[in-house]
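A.B. asks: Sharing a structure with you now.
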Amino acid sequence: VGWYNMLAAAIVTFFTVAAGFYEMLLAQPPAGTTSVWGLQAMETMVWHGVGGVILLFLIVAMTVWRGFQRYVWNCDRARQVQWSYLLAGLGIFALMFVHGTLGAQLAAEFGVHISADRLLEIGQDPNLMLK
């Protein structure tokens, strides 16, 4: 099952990164505000975008690596996954945490693509406007 999950993730991540870059083109981040990490909105968006591309590359690389483990190197063994593969996966998991936190900061702290936040910013009541 792990192999098929990695294969699906590698395919879907291409679309996710493409949609993220399209969103970046439409975003209008506020100037003069910093996140709890001390980054401006545009810096946060750029690092989030760079992180998405890096994660895409790493997920595809991990999928190819897992494919070799499954079908070439360890196909006749009970344990097909190498310890180095698992450790690399933990490193990618940590990178995903940073990437996800940057994305959450874009929404929560900068209000990027949050309609209610934009309405509050201009003095409108979101409860009335978003019905």
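The values are calculated or read from the model by the stated rules, or taken from the named source; none is laboratory data. The structure presented is a predicted model; accordingly, all values stated were derived computationally and were not measured. Cβ: placed from backbone, ideal geometry, glycine included. Neighbour counts: every protein chain shown. When the accessible area is computed, the model is the full protein with side chains, heavy atoms only, and any ligands, DNA or RNA have been set aside. Shrake-Rupley method; radii C 1.70, N 1.55, O 1.52, S 1.80 Å.
A.B. asks: Would you mention how many residues in the range 84-99 are free of Cβ contacts under 8 Å to residues at least 40 places away in the same chain and closer than 20 Å to W37 by Cα? Show your work before the answer.
C.D. replies: In the first step, residues of the range 84-99 are kept if they are free of Cβ contacts under 8 Å to residues at least 40 places away in the same chain; the result is 84-94, 97.
From what is left, the residues that are closer than 20 Å to W37 by Cα are 93-94, 97.
Qualifying residue count, the range 84-99: 3.
A.B. asks: May I ask you to list the residues in the range 33-56 that are open to solvent by less than 20 Å² (accessible area, probe 1.4 Å) and either small (G, A, S) or assigned to a loop (DSSP other than H, G, I, E, B) (or both)?
C.D. replies: From the range 33-56, those open to solvent by less than 20 Å² (accessible area, probe 1.4 Å) are 35, 41, 44-45, 49, 51-52, 55; that's our starting set.
Those that are open to solvent by less than 20 Å² (accessible area, probe 1.4 Å) and either small (G, A, S) or assigned to a loop (DSSP other than H, G, I, E, B) (or both): S35, A41, G49, G51, G52.
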